[in-house]
Amino acid sequence: MPTFVATVRDLSHKGLGVVDHPDGRTFFVRGTWPGDEAEFEASEDSRKYEEAKLVRMIMPSPSRVEIACSFRGFLPGQCGGCPWMMADYSSQLKLKRKRLIYALEKRQVLHEVTIPCVIPSPNVFGYRNRVQLKTDGVRMGYVSEGSTVFGPVDDCLIMNEKLRNLFHELKAKLPREDWRPTGGHQWSYLDLDDEATSKDVYLNKRRPFRQGNTEQNEVMRSWIRDKFSNIPFHYPVIDLFCGSGNFTQVLSGLGFTNILAVEVQGAALEALRQSGLPGVRILPLDMSKRGVWASIARFQPHAKALLLDPPREGLEKRRGLYKYLDNLEIIFYISCEIDTFSRDAADLIKHGWKLQEMTPIDLFPHTPHVEVLSVFTRL
């Protein structure tokens, strides 16, 4: 297969290196960083914007560092997590901010607000409090990058100490016949977090969602505490996609007396229910269904403030928000996916809202992920 030499000029919106072929085609390449000069492989019939393969590094980017994890790699059978581990952390933060700016420019939202630097994670290793592992009953690991190939690992440097100890405790019990995949699947999965013991881990069963970086979660909670401290405590509030109450606890602790916490029925909502937080009413509701905003409005018709922290899909159903919650004065939107956030932000602006401020924060070092904390007010 023919090769060519080029310098990585940028990263794509998905975090892959961008290289230009001498014939004018542009390719995306895994495992590369802006400034890398290398030899790449692409077939003659490959179309523009397909993936090319890194063959040989000629001159690495000044931002490159040695990959700290011996299991991390770009070949089938190697761990596909932490795709940016080959770059120094300061350059990772700059590229995360650039990704956010690009997504907002694409939706013509950037003129609304200035984007500050990304709040860095205090720890770039040992920061994760939860992971989902794959297992074939003999080994545990993750999935190789850009594939469905199982990548076993004997250790994981991004897990915090408690989680890492749990991982090694479970690994010591392998092989386990009852963990072998069934029904033609390549693997089973295990949800682990640092609040669990080995007895709490069940095959193919999800544990309640938590923000994966404990220290950065506290920064987010402090941000919410600061923003809501300027709002009268008697204001009716909606906490949408509340989970088990991570941010609901902050609102209740501030003294808000009329909080409607909304989440799909499940273990997370049951945990919130058992916490018995003062001032909180719970509404089990699947936000993917029709008529959800009318249901929310029936329970909180005079809502003044909305806090939402949706999954990666963002706020897919938005029309009812404008129709039924016409008393809203302020929206606090926490997003884990910049593409859907920029889409929703553009739609909010179109319907008379102003993007007042935005704060990016890094929850997952060595990945393209960036979390966004934002405030919208009515014009």
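Consider Glu39 carefully, then state whether it is of a type in the set (Asp, Glu), modelled with pLDDT under 95 and over 23 Å from Val124 (Cβ atoms). So Glu39 fails the test. Inclusion of Glu195 among residues that are at pLDDT 95 or above and not assigned by TED's automatic domain parsing to the domain that holds Ser244 is not warranted. For region 264-299, the set of residues classified as closer than 19 Å to Lys323 by Cβ, touching a residue at least 24 places away in the same chain (Cβ under 8 Å) and of a type in the set (S, T, N, Q) consists of Ser288 only. Within this structure, Phe209 fails the test of being at pLDDT 95 or above, of a type in the set (A, V, I, L, M, F, W, C) and either over 15 Å from Gly137 (Cα atoms) or in contact with a strand residue (DSSP E or B) (Cβ under 7 Å, 6 or more places away or on another chain) (or both). When Arg319, Arg312 are checked against the criterion of being charged (D, E, K, R) and either within 23 Å of Asn246 (Cα to Cα) or outside the structural domain of Phe233 (by TED's automatic domain parsing) (or both), Arg312 stands alone in meeting it. Name the single residue that is modelled with the highest pLDDT among those in region 49-91 being over 21 Å from Val19 (Cα atoms) and among the polar types (S, T, N, Q). Filtering first and then ranking leaves Ser90. With respect to the stated conditions, Asn123 fails to be out of contact with any Pro (no Cβ under 9 Å at 6 or more places or on another chain), of a type outside the set (Ser, Thr, Tyr), surrounded by fewer than 21 Cβ atoms within 10 Å (Cβ to Cβ) and farther than 27 Å from Asp10 by Cβ.
Within region 130-156, the only residue that satisfies the criterion of being out of contact with any strand residue (DSSP E or B) (no Cβ under 6 Å at 6 or more places or on another chain), crowded, with 20+ Cβ neighbours inside 10 Å and at pLDDT 95 or above is Cys156. Kindly indicate the residue of region 123-158 that is of a type in the set (D, E, K, R) and assigned to a loop (DSSP other than H, G, I, E, B) and also farthest from Ile67 (Cα to Cα) among those meeting that condition. So, considering only residues that are of a type in the set (D, E, K, R) and assigned to a loop (DSSP other than H, G, I, E, B), the one farthest from Ile67 (Cα to Cα) is Asp136.
Considering each residue of region 215-227 in turn, none proves to be out of contact with any Leu (no Cβ under 6 Å at 6 or more places or on another chain) and part of a loop (DSSP other than H, G, I, E, B). Do we have Ser90 as farther than 25 Å from Pro152 by Cβ, small (Gly, Ala, Ser), assigned to a loop (DSSP other than H, G, I, E, B) and out of contact with any helix residue (DSSP H, G or I) (no Cβ under 8 Å at 6 or more places or on another chain) here? Spelling it out, it is not the case that Ser90 is farther than 25 Å from Pro152 by Cβ, small (Gly, Ala, Ser), assigned to a loop (DSSP other than H, G, I, E, B) and out of contact with any helix residue (DSSP H, G or I) (no Cβ under 8 Å at 6 or more places or on another chain).
To keep it simple, each residue is scored yes or no on (1) over 23 Å from the mean Cα position of the chain (by Cα); (2) surrounded by 13 or more Cβ atoms within 10 Å (Cβ to Cβ).
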site: Ala196; (1), (2): no, yes
site: Leu203; (1), (2): yes, yes
site: Asn213; (1), (2): no, yes
site: Asn217; (1), (2): no, yes
site: Ser229; (1), (2): yes, no
site: Tyr235; (1), (2): yes, yes
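The condition (being of a type in the set (Gly, Ala, Ser), part of a strand (DSSP E or B) and not assigned by TED's automatic domain parsing to the domain that holds Glu337) is satisfied by just one residue among Ala103, Ala52, Ala68: Ala52.
Within region 159-181, residues that are surrounded by 13 or more Cβ atoms within 10 Å (Cβ to Cβ) sit with their Cβ atoms under 8 Å from residues that are assigned to a helix (DSSP H, G or I) and not hydroxyl-bearing (Ser, Thr, Tyr), at 6+ positions apart or across chains, in these pairs: Met159/Phe167.
Taking the condition touching a helix residue (DSSP H, G or I) at 6+ places or on another chain (Cβ under 9 Å) and not assigned by TED's automatic domain parsing to the domain that holds Gly31, does Leu170 pass? So Leu170 fits the description; yes.
The values are calculated or read from the model by the stated rules, or taken from the named source; none is laboratory data. What you see is a predicted model, and the numbers here were worked out from it, not measured in a lab. Virtual Cβ from ideal backbone geometry, glycine too; neighbours counted across all protein chains shown.
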